[in-house]
Amino acid sequence: MNQSIKNRLNNLYHWMMDQYGPQGWWPLLDINKCDQHGTNPTFTGVLTGYHIKNYTYPKTENQRFEICTGAILTQNTAWTNVEHALLNLYNADILSPEKILTASENKLKKLIQPAGYFNRKTIYLKNMAHFFITLNGKTPSREDILTCKGVGNETADSILLYAYREPEFIIDTYTKRILTHLKLCSANADYLTLKEMFQNSFKPDIVLYQEYHALLVELAKRHFSKKPYTFKIDAIN
DNA sequence: AACCAGGACGTGA
DNA sequence: TCACGTCATGGT
């Protein structure tokens, strides 16, 4: 591994942390902030920031499943849309693997409709629910999760890093876009190559991996959303 | 009014 | 292996 790549990735992390601070991912429903009817909880983060500097989540199996659900729902979809779908599931009281599994497909489709791709994601969610139940609390291997139809590289790593707190670095389109722009990789670099680039540059570190990915998303949303990408980061070059 | 959003899968070459 | 079409809603 090229030492300069390692240095630049490290500089990028600290630059983003300086600019944006800890992100406190993964966003979770805050059921302590429901309305007077006990429904419509807010997300940890909509107003007050996510669970910043608290790296003990998920605290329950339901929160763990909520992360798995969100990881599928957010595929190629804006998170705000996913929030609506998750709220629908929560308010319908079926945001658990057992209830997702037994719910009718039509009911599920209607509830997750705002997240888009609802025909596919309904199937994916039921697959995930079944898989989750068979795990019986155990941490799945990356290989095992990938056998789940609807779970590709990024979703698998998101679930492992944020739901199971395993040190698996996530590569998403933002990450690849930023690395390409910084000339740290070619435009056709594949997922595992980029994942290894990060994991060869940093020791396994859940906090670092979680924050790094969240910070890349924040950076991309601010400066790598609309073409042409002209944003320059002096500290990196 | 196009374009994009925290992708994955099936197909054909 | 790999490029390409498909899936769907909501915000800018």
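Just so it is clear, none of the values below were taken in a lab; they were calculated from the coordinates. Note that this is a predicted model, so its numbers are computed, not measured. Here the Cβ positions follow ideal geometry from the backbone for every residue, glycine too, while neighbour counts run over all protein chains shown.
At-a-glance table
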| read-out | value |
| --- | --- |
| Within segment A:185-217, tally of residues that are away from DNA strand C (no atom under 16 Å from the Cβ), under 23 Å from A:Gly24 (Cα atoms) and of a type outside the set (Lys, Arg) | 17 |
| In segment A:218-237, residue nearest to DNA strand B (Cβ to nearest atom) [restricted to those that are assigned to a helix (DSSP H, G or I) and of a type outside the set (A, V, I, L, M)] | A:Lys221 |
| Unique residue being within 16 Å of DNA strand B (Cβ to nearest atom) and crowded, with 18+ Cβ neighbours inside 10 Å when the list is A:Ile145, A:Ile123 | A:Ile145 |
| Residue match in segment A:49-67 (condition: more than 22 Å from A:Ile170 (Cα to Cα) and in a loop (DSSP other than H, G, I, E, B)) | yes |
| Hits in segment A:147-183 - residues which are polar (S, T, N, Q) and in contact (Cβ under 8 Å) with a residue 40 or more places away in the chain | A:Asn153, A:Thr155, A:Ser158, A:Thr175 |
| Failed condition for A:Ile72, given (1) of a type in the set (Val, Ile, Thr); (2) in contact with a Phe, Trp or Tyr (Cβ under 7 Å, 6 or more places away or on another chain); (3) away from DNA strand C (no atom under 16 Å from the Cβ) | (3) |
| When residues of segment A:106-120 are limited to those that are within 11 Å of DNA strand B (Cβ to nearest atom) and in a helix (DSSP H, G or I), the one surrounded by the most Cβ atoms within 10 Å (Cβ to Cβ) | A:Ala115 |
| Within segment A:147-217, helices (runs of 4 or more DSSP H) holding 2 or more residues that are touching an Asp or Glu at 6+ places or on another chain (Cβ under 8 Å) and among the acidic types (Asp, Glu) | A:153-158 |
